[in-house]
1. I want the antiparallel fraction of DSSP beta bridges within region 195-318, as a percent rounded to 5.
2. Calculate one ³J(HN,Hα) per residue across region 173-186 by plugging θ = phi - 60° into the Karplus curve 6.51 cos²θ - 1.76 cosθ + 1.60, and present them in order as whole Hz with x for glycine and proline.
3. Quick one: accessible area per residue over region 123-183, 1.4 Å probe, rounded to a whole number of Å²?
4. Considering only protein heavy atoms and a 1.4 Å probe, what is the carbon-and-sulfur percentage of the accessible area of region 282-324?
5. Non-local amide H neighbours of Gln150 (under 5 Å, H modeled in plane, Pro and chain starts lacking H): which ones?
6. Is there a quick way to get the dipole size of region 119-209? I mean about its Cα centre, with the Cβ of Lys and Arg at +1 and of Asp and Glu at -1; what is the value in debye to the nearest 20?
7. Where does each of 86-96, 323-333 land if you order them by average Cβ count within 10 Å, highest first?
8. Can you work out the Karplus-derived ³J(HN,Hα) for every residue in region 220-233? Use 6.51 cos²θ - 1.76 cosθ + 1.60 with θ = phi - 60°, whole Hz, and x for glycine or proline.
Amino acid sequence: MNFKKILLTSLFATATLALFVNCSESKSINRSSKIHVAKKRTDTIPKKPDTTVAPTAVPSSGYAPINHAEYDSLMKKMAHEDVSGKWPVKDAPYPLPGAIFPYKRVVAFYGNLYAKKMGILGELPPKEMLAKLKEEVKNWEKADPTTPVQPALHYIAVVASGDGGRDGKYRNRMPFKQIDSVLKLAKKANAIVFLDVQVALSNIHTELPLLEKYLIMPQVHFGMDPEFSMKDGVTLPGKKIGTYDAADINYVSGYLAGLVKKYNLPPKILIVHRFTKKMVTNYQDIKLRPEVQVVMDMDGWGEPSLKAGTYRYFIHNEPVQFTGYKLFYKNDIKKAPHHLLTPEEVLKYKPYPMYIQYQ
């Protein structure tokens with residue numbers, strides 16, 4: 001199957017803030033569509049961040065032990081009568097108490113508060129955005145009444161950029177004050193939060209620890225985007241699609257597992273975006289841990305047949321643990337059927353996506 005369109009109509013073409021490169025459908029770099037960013041943006045993590053909404057992590061007390069029979073039953077349901085034998089994933093460890101999957105489905109709004117074109121999270125005024133998120137949660141509850149829905153805000157905390165910045169790494173770290181704002185918004189919606197990282201010419205070993213003060217909070221989880229991980233340290237983000245290896249994913253899950261154990265937290269969710277084969281290499285070597293739940297998120301945009309094919313070939317056929325599916329309010333409807341896929345349509349996929357992201 002030809003996946004050229006899904007490559008051309010993926011997040012690789014998403015608009016970003018500041019001087020971030022925006023790739024057009026012809027793969028040419030469109031530098032005329034730059035977004036002006038407020039002066040509060042910074043290329044470095046502040047030395048003295050605002051910690052008023054980042055308290056010491058609360059221990060995960062009160063969580064019931066995992067009922068293995070119930071968990072196995074829910075995982076079998078998630079497999080959605082898959083006959084390939086790939087789902088549910090065999091020999092995966094049971095999670096620690098307090099795990100979100102497979103007990104709930106997460107429905108998340110993605111974006112950045114500085115840029116209206118990076119996703120619905122920053123496109124709409126906060127009050128309107130939260131009302132729309134509540135509406136989408138209800139749509140999923142109606143489509144699958146047997147699976148409770150957990151709302152979420154998926155915030156891009158490190159953004160790949162067309163400007164090298166002071167250290168030449170072509171990524172902008174968002175100020176802690178903006179993360180604090182997202183946490184406050186999430187609290188209003190009883191939502192969890194994902195902090196997403198686009199490392200560009202930096203690396204995940206450098207960027208992840210800088211967010212630790214938030215990741216020790218029980219409601220904060222993590223996302224890593226291979227698209228903007230430029231492994232050669234030379235190619236600029238937006239010039240080609242980047243990659244992560246299983247070793248990178250294992251580093252992140254190991255780091256998160258360490259925080260879970262140290263601070264007695266419920267399991268963290270780790271989102272790994274993907275819409276090509278090379279974006280994630282050696283998937284079979286990804287290590288699963290009781291402290292971390294790994295989601296491979298189908299992150300491309302295009303017509304339904306292309307998205308279904310991408311999900312089948314790169315998500316279903318290379319099983320890790322849980323799956324995600326991304327819906328683009330604008331880009332997914334540029335061609336037929338001219339409507340965003342409904343929850344009922346997405347729930348035809350095998351296995352059921354347990355993480356749904358709207359951009």
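The values are calculated or read from the model by the stated rules, or taken from the named source; none is laboratory data. Computed from a predicted structure; not experimentally measured. Backbone-built Cβ (ideal geometry, glycine too); neighbour counts: all protein chains shown. What goes into the accessible areas is simple: the full protein's heavy atoms, side chains included, and nothing from ligands, DNA or RNA. Shrake-Rupley method; radii C 1.70, N 1.55, O 1.52, S 1.80 Å.
1. Details: 1 of 18 bridges.
Antiparallel bridges make up about 5 percent of those DSSP assigns within region 195-318.
2. 8, 6, x, 4, 4, 6, 4, 4, 5, 5, 4, 5, 5, 4
3. For region 123-183, the per-residue accessible area is 42 Å².
4. Details: 570 of 1220 Å².
After summing per-atom areas, the C and S share lands at 46 percent.
5. Residues meeting the amide H criterion: Arg105, Val106, Val107.
6. On the way: 13 positive and 11 negative charges, 62 e Å.
Computed about the Cα centre, the dipole is about 300 debye.
7. Ranking the peptides 86-96, 323-333 by packing returns 323-333, 86-96.
8. Going residue by residue, I get 10, 10, 9, x, 10, 10, x, 3, 10, 9, 8, 4, 6, x Hz, with x marking Gly and Pro.
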